[in-house]
Amino acid sequence: MLTIYGTKQSRAGRCLWALEELKLAYQHNPLSPHAGDTRTEAYLKLNPLGKVPTLTDDDFVLTESVAICYYLASKQPTPLWPEDPRARARIYQWSSWATTELEFHLTMWIREKRGNADASLMAKYLENAAGSLTPLERHLATSAYVAGSAFTIGDINAASALAMGAALLDMSAFPASKSWLEKCLSRPAWQKVQTLG
């Protein structure tokens, strides 16, 4: 049995989205690091960093949301995980971009807001996040989705990161990205995740 730990507001949200898209049976344990849920002895045995998400698949334990999404997609044949090596390369590319470029700046903005809330620093993080959208915008100007003409795990990984900050950014400057994000977030699986804890 698959069990995913973490709330939809955390990076576990992208894993929940993948589970719903793939129609895999799973249990959801919405642990919150901010409530101290991930500091228990039992949870730290699963994830010594005390972070979410964590996936368990019987005796197999996996952390890091993008790796979890790759694993889930590879469990069975699915259009979300195409065989074409170039499509897979695009999935890796845009998933890496999402976590190392866009999500990094948005996460720093969130941490600053929770801490000292230095307005100039927060503005810089949003400026950097917006700047990181330029390559995505260029790519989506000629591609329906990040890996080509079909929705894939790459879109889940990238769109979940942008969904985190779209309301904070001027998306009118990135019309292709805005349209793509709206298309991704209109999917029933994403909508289902929004009803979870």
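Quick notes on this structure:
- Based on C-alpha pairs under 8 angstrom that are at least 6 apart in sequence, segment 134-197 has a relative contact order of 32 percent.
- Karplus-derived 3J(HN,Hα) values for segment 54-66, using 6.51 cos²θ - 1.76 cosθ + 1.60 with θ = phi - 60°, are 9, 10, 10, 10, 6, 9, 8, 10, 9, 10, 6, 4, 5 Hz; glycine and proline are entered as x.
- Computed from label points 7 Å out along Cα-Cβ, the spacing between Ala141 and Ser179 is 1.3 nm.
- Annotation for Thr63 and Ser96: the two label points, set 7 Å from Cα along the Cα-Cβ direction, are 2.2 nm apart.
- Cα-Cα separations in the chain greater than 21 Å, expressed as whole percent: 52 percent
- Distribution of pairwise C-alpha distances over segment 40-108, 10 Å bins, in %: 17, 39, 32, 10, 1
- Relative contact order (%) - the chain, alpha-carbon pairs under 8 angstrom, separation at least six: 23 percent
- Radius, Kirkwood style, for segment 85-187 when every pair of distinct Cα atoms is counted (Å): 13.8 Å
- Proximal lysine pairs, the chain, alpha carbons under 29 Å, eight or more residues apart or interchain: 29
- The Rg/Rh ratio for segment 2-78, using Cα coordinates for both the radius of gyration and the Kirkwood hydrodynamic radius, is 0.95.
- Applying both filters, DSSP loop and at most 10 other Cβ atoms within 10 Å, to the GluC sites (Glu not before Pro) of segment 3-92 gives Glu83.
- Summary of packing: across the peptides 91-97, 126-132, the per-residue average of other C-beta atoms within 10 Å ranks them, highest first, as 91-97, 126-132.
- Working ranking of peptides 46-52, 103-109, 66-72 by packing, defined as the average number of other Cβ atoms within 10 Å per residue, highest first, is 66-72, 103-109, 46-52.
- Approximating the spin labels as points 7 Å out from Cα along Cα→Cβ, the Ser74-to-Glu112 distance works out to 3.7 nm.
Computed from the coordinates by the stated procedures, all read-outs in this text should not be read as laboratory data. Values in this document were obtained by computation on a predicted structure and should not be read as measured data. Note that we place each Cβ from the backbone using ideal geometry, even for glycine, and neighbour counts take in every protein chain shown.
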